[in-house]
Amino acid sequence: MNYQNNNNKRRVARKQLISLATLATLFVGAMPAVFAATLDDVKQRGVLRCGVNVGLVGFASANSLGQYSGLDVDLCKAVASAIFNDPEAIEYKPVTATTRFDALLAGEFDMLSRNTTWTLSRNVAFGDFVGVNFYDGQGFMVPKRSGIRSALELDNKPVCVSRNTTTELNAVDFFKVSNMRWRPIYFEDDAVLKLAYDEGECVAMTTDRSGLAAQRTTLKEPEAHLVLPEVISKEPLGPMVPAGDSAWSNVVRWSLNCMINAEEMGVNSTNVGKAVNSSLPAVQRLVGVEGNSGELMGLPNTWCANIIRNVGNYGESYTRNVGPDTPIGLERGVNGLWTNGGLMYAPPIR
Ligand SMILES: N[C@@H](CCC(=O)N[C@@H](CS)C(=O)NCC(=O)O)C(=O)O
């Protein structure tokens, strides 16, 4: 009897423990969705904190006055415009390839906009990806005088590569499937890597092809270097936000979508003032004279018009920062609009 009683008590106690544990799990599991209110925090703070590259010309770099510009920076400016109608209401937080994810997890910034490749494991472990602002692929750069004209000539040649990147992982795959010996020289700091490459310590350097084009402009003699034709991976680069805050991820996601849709509709920083008089319903919704897209996201209804006026549409940002007329000189290619055969396709604002 006693034994029976004790057993029953134990069973009840165990049940209670289990339900407490279940409750705790549910509670903790639901926490980000319930408690994370990044948009409110940003509004209250009055500035957006944006994680960016420590210096990658065309994507994110600061001038001598500490003013940041670049394609990734424009996304920070777009979000600040959507919330505050002020592209300068931003505190930039420079992060390296190695520090970016820990900084995101630690809540050091509200969004990461830093040539970061969307992969499954990063998505699961570090935060939410909300779109792609540059479709890229990994390549190799060599000094022209090396005579190397294909990545398949890099067997057992020292290659400079950044740590904690998709770059180092893809290279392992590429050398394996090409039956070549992979001889990496790893760097944590990209400035040091570039210097080492420029000094001839490696026969090649490898990273995203946009990164190579950007880095090339800062070498002693840019013309003396060549980006090899092989593209060895997919590198969809895009902004990340802390996991589990869908109200916030929507703000960042739709800020990018606003820029892409604006380009598709021919609305730019110059004509956005006139777009409010457009007879086209989609344009009216884009600039907020129709519909309540802003209200739905906790933003002014002119959120997208403000982005376009302050930052421009995606095409303007591309042309200004990395396009053929900049030193980086990247053709639109796959980053063209879908209507031109590219991959830039934004869901509709409605
Ligand atoms: N897209 C790749 C590579 C990104 C990356 O960090 N690339 C290097 C070379 S362009 C870089 O930006 N280094 C600068 C730094 O780490 O400060 C990734 O997400 O892992």
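Which number gives the lysine pairs in the chain that have C-alpha atoms under 20 Å apart and are eight or more places apart or on different chains?
Here the count comes out as 10.
Can you pull the one-decimal nm distance between simple spin-label points at Glu88 and Asp41, each 7 Å off the Cα toward Cβ?
If labels sit at Glu88 and Asp41, their model points lie 2.6 nm apart.
If ligands, DNA and RNA are left out, what is the accessible area of Val231 with a 1.4 Å probe, given in Å² to the nearest 10?
90 Å²
Ratio to report: Rg/Rh of segment 139-233, with Cα atoms as the point set and Rh obtained by the Kirkwood method; give two decimals.
Details: Rg = 11.8 Å, Rh = 13.0 Å.
Over the Cα atoms of segment 139-233, Rg/Rh equals 0.91.
Given R₀ = 51 Å, FRET efficiency for Leu169-Asn277 by Cβ-Cβ distance, to 0.05?
On the way: r = 51 Å, r/R0 = 1.00.
The pair Leu169/Asn277 has a calculated efficiency of 0.50.
By what distance, in whole Å, do the Cα atoms of the chain stretch along each of the three principal axes, largest value first?
Extents along the principal axes, in whole Å: 90, 64, 39.
Which whole-number percent is the relative contact order of the chain (Cα, under 8 Å, 6+ apart)? Don't skip to the end; give the middle numbers.
Details: 632 pairs, mean separation 72.3, N = 350.
Once normalised by length, the contact order is 21 percent.
Using alpha-carbon positions, what is the distance between the centroids of segment 247-325 and segment 95-157, in Å?
One Cα centre to the other: 27 Å.
Determine the share of segment 88-228's accessible area contributed by carbon and sulfur atoms, expressed in whole percent, with a 1.4 angstrom probe. Write out the running numbers ahead of the final one.
Numbers: 3230 of 6250 Å².
The computed percentage sits at 52.
Given only helices, namely DSSP H runs of n ≥ 4 each adding -39500 (n - 2.57), what is the per-residue ellipticity at 222 nm of the chain, to the nearest 500 deg cm²/dmol? Could you put the intermediate results ahead of the total?
Working: 14 runs with 149 residues, N = 350.
One gets -13000 deg cm²/dmol as the mean residue ellipticity at 222 nm.
Using the beta-carbon distance between Lys234 and Glu108 and R0 = 35 Å, what value does 1/(1 + (r/R0)^6) give for FRET efficiency, to the nearest 0.05? It would help to have the intermediate numbers written out before the result.
Numbers: r = 28 Å, r/R0 = 0.81.
Calculated transfer efficiency: 0.80.
On a full-extension model of 0.36 nm per residue, what is the gain between Thr218 and Arg183, subtracting their alpha-carbon distance, rounded to one decimal in nm?
Values: separation 35, 0.36 × 35 = 12.60 nm, distance 2.47 nm.
Using 0.36 nm per residue and subtracting the Cα-Cα distance, I get 10.1 nm.
Hey, could you pull the Cα Rg and Dmax for segment 219-350, both in Å?
So, for segment 219-350, Rg and Dmax equal 17.2, 54 Å respectively.
Sort Met240, Met180 by heavy-atom solvent-accessible area, probe 1.4 angstrom, most to least. Provide the component values of the computation, followed by the final result.
Numbers: Met240 0, Met180 25 Å².
Ranked list, largest accessible area first: Met180, Met240.
Rounded to the nearest 5, what % of DSSP beta bridges with both residues in the chain are antiparallel?
Details: 17 of 33 bridges.
In the chain, approximately 50 percent of DSSP beta bridges are antiparallel ones.
Scanning the chain for helices, which whole DSSP H stretches are 18 Å or more long along the axis (Cα) and average 0.5 or more by Kyte-Doolittle? Write out the running numbers ahead of the final one.
Numbers: long enough: 2-35 (47 Å, -0.07); 71-84 (19 Å, 1.39); 246-265 (27 Å, 0.02).
The qualifying helices are 71-84.
Calculate, for Thr98 and Lys176, the FRET efficiency according to 1/(1 + (r/R0)^6) with r their C-beta to C-beta distance and R0 22 Å; round to the nearest 0.05.
Working: r = 24 Å, r/R0 = 1.10.
Efficiency at R0 = 22 Å is approximately 0.35.
The values are calculated or read from the model by the stated rules, or taken from the named source; none is laboratory data. Quantities reported herein were computed from a predicted structural model and do not represent experimental measurements. Don't worry about glycine lacking a Cβ; one is built from the backbone with ideal geometry, like all the others, and counts go over all protein chains shown. Surface accessibility is based on the protein's heavy atoms, side chains included, excluding ligands, DNA and RNA. Shrake-Rupley method; radii C 1.70, N 1.55, O 1.52, S 1.80 Å.
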